[in-house]
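*Asks:* Okay, handing you the structure first.
The values are calculated or read from the model by the stated rules, or taken from the named source; none is laboratory data. In this text, all values refer to a predicted model and were calculated from it rather than measured experimentally. In this analysis, Cβ positions are derived from the backbone assuming ideal geometry, glycine residues included, and neighbour counts consider all displayed protein chains.
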Amino acid sequence: AAAPAPSAPAPSVAATRRVPRSIEEVDNGAILGFAAELSEDHPGFYDAAYKQRRVDICNLARGHRIGEPIPRIEYLPEEVTTWGLVLGQLEALFPQHACKEFLHSLSLFDFRQDEVPQLEDLSRVLQRHTGFRIRPVAGLLHPRDFLNGLAFRTFHSTQYMRHASKPNYTPEPDVVHELIGHVPMLADPAFADLVHAIGVASLGADEQQLKHLVKLYWYTVEFGVVLEGGQPKAFGAGILSSYGELQHMAAGQAELLPLDVFSPLPRISYKDGYQPRYFVLQSFEEGAAQLKAYCRSMVHNIPDDVRAAVQLPLP
Ligand code: TIH
Ligand code: FE2
């Protein structure tokens, strides 16, 4: 497969758009979808109390400033039940179907079924292990803002709970997805470095490159699978946070394709249910090397002071 036309002169990103110099300059207010406005096919669409709850939690996120503690949410009994149900079901599948890095990192957090962990507490643990911090967000960010945040080792996380009527799968990120799917992986140093590299690359990406980066993020960080002793194991957060999707993967119901970071990738969708295919890494190390190679091709577009601020050496 060919690299995406490295000979084409990349327009200077800095000339067309301001590259954020710090996490404070990354916008966490512009929400693309979900948040408090649910579409008609959302399981909570006809549930007024659920919608109001989302508005309240989203407003807390909107008011949060970097450096302040993340507001604690007192989760309702019904929300705790949903959390506990999903956690319990997933924990039964993890030993067989989650990758070893996830299993190890999960043990750093003692998740309990009777309590939804607080973002502030998890953020502190992550900062100790990999320097990542969590920033609460009201819904889906613009992909550039979301990926830019990763360059500053900041993971934007929702804080509301999925609707109780559909605990095993939701089409949108929610607190279960963030905490079970993403947080343990972000505590793994090699994985955190990889996610950081995607973030740094996004600072220098033009629109075309950004689209490809978003797909790379989607097919690895969200829905990646890695081989262990010839067996596919989940490391993508979208698989690890959904009992339905993890079973779907484990049952071999989806196509498994090798990942080539320089080849075009299928379009992504939040709406189509379980993934019809997963991209497989031969090993975590090999996948990280591939992704970092692609990301390095964008580093030259990042203004020098920004590159220094996010600490990435020129290749
Ligand atoms: N489908 C996932 C879940 O049920 O936990 C949530 C999402 C992952 C990626 C996009 S939405
Ligand atoms: Fe996610």
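*Asks:* Just to verify a result, which residue in region 230-258, among those that are part of a loop (DSSP other than H, G, I, E, B) and out of contact with any helix residue (DSSP H, G or I) (no Cβ under 9 Å at 6 or more places or on another chain), is farthest from ligand 1 (Cβ to nearest atom)?
*Replies:* In this case the residue turns out to be Gly230.
*Asks:* Right, next: For Tyr270, only one of the following conditions fails: (1) under 30 Å from Glu120 (Cβ atoms); (2) at pLDDT below 95; (3) crowded, with 18+ Cβ neighbours inside 10 Å; (4) not small (Gly, Ala, Ser). What is its number?
*Replies:* (3)
*Asks:* Follow-up question, since we're still on this one. Among Leu227, Leu265, Leu216, which is the only one that is in contact (Cβ under 8 Å) with a residue 24 or more places away in the chain, closer than 27 Å to Arg296 by Cβ, surrounded by fewer than 20 Cβ atoms within 10 Å (Cβ to Cβ) and within 16 Å of ligand 1 (Cβ to nearest atom)? Explain how you work it out, then say what you get.
*Replies:* Numbers: Leu227 fails: within 16 Å of ligand 1 (Cβ to nearest atom); Leu216 fails: surrounded by fewer than 20 Cβ atoms within 10 Å (Cβ to Cβ).
That would be Leu265, the only listed residue that is in contact (Cβ under 8 Å) with a residue 24 or more places away in the chain, closer than 27 Å to Arg296 by Cβ, surrounded by fewer than 20 Cβ atoms within 10 Å (Cβ to Cβ) and within 16 Å of ligand 1 (Cβ to nearest atom).
*Asks:* Out of the residues in region 167-205 that are touching a helix residue (DSSP H, G or I) at 6+ places or on another chain (Cβ under 9 Å) and in a loop (DSSP other than H, G, I, E, B), state the one that is farthest from Arg72 (Cα to Cα).
*Replies:* Residues of region 167-205 that are touching a helix residue (DSSP H, G or I) at 6+ places or on another chain (Cβ under 9 Å), as a first pass: 167-170, 173, 175-205.
From what's left, in a loop (DSSP other than H, G, I, E, B): 167-170, 173, 187-188, 205.
Working: Pro167: 22, Asn168: 25, Tyr169: 25, Thr170: 23, Pro173: 19, Ala187: 21, Asp188: 25, Ala205: 35 Å.
Per the criteria, the residue is Ala205.
*Asks:* Mind telling me which of the residues Val214, Val261, Val221 ends up being more than 19 Å from Glu101 (Cα to Cα), part of a helix (DSSP H, G or I) and aliphatic (A, V, I, L, M)? Full working, then the answer.
*Replies:* Working: Val261 fails: part of a helix (DSSP H, G or I); Val221 fails: more than 19 Å from Glu101 (Cα to Cα).
Being more than 19 Å from Glu101 (Cα to Cα), part of a helix (DSSP H, G or I) and aliphatic (A, V, I, L, M) holds for just one of Val214, Val261, Val221, which is Val214.
*Asks:* Please work out if Phe279 is more than 10 Å from ligand 1 (Cβ to nearest atom), out of contact with any Cys (no Cβ under 7 Å at 6 or more places or on another chain), over 30 Å from Arg53 (Cβ atoms) and in a loop (DSSP other than H, G, I, E, B). Write out each step before concluding.
*Replies:* Working: more than 10 Å from ligand 1 (Cβ to nearest atom): yes; out of contact with any Cys (no Cβ under 7 Å at 6 or more places or on another chain): yes; over 30 Å from Arg53 (Cβ atoms): yes; in a loop (DSSP other than H, G, I, E, B): no.
No, not satisfied.
*Asks:* Report, by residue number, each residue of region 222-232 that is over 11 Å from the mean Cα position of the chain (by Cα) and either within 10 Å of ligand 2 (Cβ to nearest atom) or more than 23 Å from Ala197 (Cα to Cα) (or both).
*Replies:* Answer for region 222-232, where residues must be over 11 Å from the mean Cα position of the chain (by Cα) and either within 10 Å of ligand 2 (Cβ to nearest atom) or more than 23 Å from Ala197 (Cα to Cα) (or both): Glu228, Gly229, Gly230, Gln231, Pro232.
*Asks:* Now for a separate question. Considering each of Ile73, Ile57 in turn, give the residue that is outside any helix (DSSP H, G or I) and at pLDDT 90 or above.
*Replies:* Details: Ile57 fails: outside any helix (DSSP H, G or I).
Exactly one of Ile73, Ile57 is outside any helix (DSSP H, G or I) and at pLDDT 90 or above, namely Ile73.
*Asks:* Mind telling me which of the residues Glu115, Glu79, Glu120 ends up being charged (D, E, K, R) and surrounded by 20 or more Cβ atoms within 10 Å (Cβ to Cβ)?
*Replies:* Numbers: Glu115 fails: surrounded by 20 or more Cβ atoms within 10 Å (Cβ to Cβ); Glu120 fails: surrounded by 20 or more Cβ atoms within 10 Å (Cβ to Cβ).
On inspection, the qualifying residue turns out to be Glu79.
*Asks:* A further question follows. Given the conditions (1) surrounded by 12 or more Cβ atoms within 10 Å (Cβ to Cβ); (2) touching a residue at least 40 places away in the same chain (Cβ under 8 Å); (3) in a helix (DSSP H, G or I), which single one is not true for Gln290?
*Replies:* (2)
*Asks:* Restricting to region 126-138, give me the number of residues that are in contact with a strand residue (DSSP E or B) (Cβ under 8 Å, 6 or more places away or on another chain) and buried (at least 20 other Cβ atoms within 10 Å of the Cβ).
*Replies:* 8
*Asks:* Now a separate question. Consider only pairs whose beta carbons are under 8 Å apart and that are at least six residues apart or on different chains; among these, list those whose first residue lies in region 96-113 and is within 9 Å of Ala234 (Cα to Cα) and whose second residue is part of a loop (DSSP other than H, G, I, E, B).
*Replies:* Ala98/Phe235; Cys99/Phe235; Phe102/Asp188; Phe102/Phe235
*Asks:* How many residues does region 179-221 contain that are among the aliphatic types (A, V, I, L, M), at pLDDT 95 or above and within 13 Å of ligand 2 (Cβ to nearest atom)?
*Replies:* Adding up the residues that qualify gives 7.
*Asks:* Would you mind finding the one in Gly204, Gly252, Gly236, Gly181 that is surrounded by 20 or more Cβ atoms within 10 Å (Cβ to Cβ), of a type outside the set (D, E, K, R) and more than 13 Å from the chain's Cα centre (by Cα)?
*Replies:* Answer to the check: Gly204.
*Asks:* Right, Glu222: within 13 Å of ligand 1 (Cβ to nearest atom), of a type in the set (Asp, Glu) and more than 17 Å from Val116 (Cα to Cα) or not? Walk me through it before giving the result.
*Replies:* Details: within 13 Å of ligand 1 (Cβ to nearest atom): yes; of a type in the set (Asp, Glu): yes; more than 17 Å from Val116 (Cα to Cα): yes.
In short, yes.
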